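The block underneath contains the structure these notes are about, expressed in structure tokens.
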Amino acid sequence: MVTAIIQARMRSSRLPGKILALVMGKPILYYVYERVRLCNKIENIIVATSELPEDDQVLEFCNQAGLLCYRGSEADVLKRYLEAALFVQKITGRVPNPIFRITADCPLVDPTFLSKLLYFFREGHLDYAGLGESFPDGFNAEIFSFEVLKKTVLAANKPSEREHVTPFIKSHPELFHSKYLELENTPTEFGFPQLEKLNNLLLSLDEPYDFEVISSILKHFYKRNPRFSMTDVLQFILENKCPEPRTDNRGSAIGYLKSLHQEGVV
């Protein structure tokens, strides 16, 4: 049973409470869920939040919206993922396999590329697959098998590996067959010649300014066509119809690099 786990928490060093910030009366988490739901290959979706009191609001929203929700460790997100997967197995009687990893700060995630990533994963007989650095930050998605998740929970020891879920998988090619799905077009071909890679374009929700950008995009597209694509978003940006997104050459690795710095690695 193809399952998506959306990790979500209220705590954020740069933008606390961002996942429940409202756009057109709906929280960001609602848009993440709806975008994932539009991928008809995904059979089950669960929100995985923490047991912190501040995340009571996440559970309350999920209950009101009829979304499946599991609460686990705040710091050990890897363990939270496995427990959420086991919870899905318990209530459905089916094995959640493979599993998409989606983060609640990516309300623009493209359902078409979720389907393509699933096909890429299955055709390659992979243990892990992700959207690569040719994709803008904010369209991030990963997929792995249930067995790989169980093995990783047992083997990963570093705090960064537990917090960011997949670093152990990606850093051990001798253990796991992993590949990235990449776009055929270059940043220049998409209209962004100033970028070394499209991943430098920051379209995830991390700072107050990002909310201005993302809310502008959602307000423009959502009532017209909820299935709007990544290409639609890029064209909208090129036409200067929304605030110009931030860029950073670290792309979506910013949070992981921060964790490595805390461990004294970088």
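A few points about this structure:
- Those residues of the stretch 12-46 which are in a loop (DSSP other than H, G, I, E, B) and either under 16 Å from the mean Cα position of the chain (by Cα) or of a type in the set (Asp, Glu) (or both), in sequence order: Ser12, Leu38, Cys39, Ile42, Glu43
- Candidates Glu74, Glu133 - the one that is modelled with pLDDT under 95 and not in a helix (DSSP H, G or I): Glu133
- Residue match in the stretch 169-184 (condition: free of Cβ contacts under 8 Å to residues at least 40 places away in the same chain, under 23 Å from Asn249 (Cβ atoms) and part of a helix (DSSP H, G or I)): no
- Any hit, the stretch 147-163, residues being in a helix (DSSP H, G or I), surrounded by 19 or more Cβ atoms within 10 Å (Cβ to Cβ), among the hydroxyl-bearing types (Ser, Thr, Tyr) and touching a residue at least 60 places away in the same chain (Cβ under 8 Å): yes
- Scanning the stretch 114-129 for residues that are of a type in the set (A, V, I, L, M, F, W, C), under 15 Å from Lys179 (Cβ atoms) and not in a loop (DSSP other than H, G, I, E, B) returns Leu117, Leu118, Phe120, Phe121, Ala129.
- Selection over the stretch 10-34 of residues that are in contact (Cβ under 8 Å) with a residue 40 or more places away in the chain, under 26 Å from Pro98 (Cβ atoms) and crowded, with 21+ Cβ neighbours inside 10 Å gives a count of 5.
- Selection from the stretch 87-113 of residues that are surrounded by fewer than 21 Cβ atoms within 10 Å (Cβ to Cβ), touching a residue at least 60 places away in the same chain (Cβ under 8 Å) and in a loop (DSSP other than H, G, I, E, B): Arg94, Val95, Asn97
- Residue satisfying condition, being free of Cβ contacts under 8 Å to residues at least 60 places away in the same chain and over 16 Å from the mean Cα position of the chain (by Cα), within set Ala65, Ala75: Ala65
The values are calculated or read from the model by the stated rules, or taken from the named source; none is laboratory data. It should be emphasised that the depicted structure is a prediction, and the values quoted were computed from it without experimental measurement. Reconstructed Cβ throughout: ideal geometry from the backbone, glycine too, with neighbour counts over all protein chains shown.
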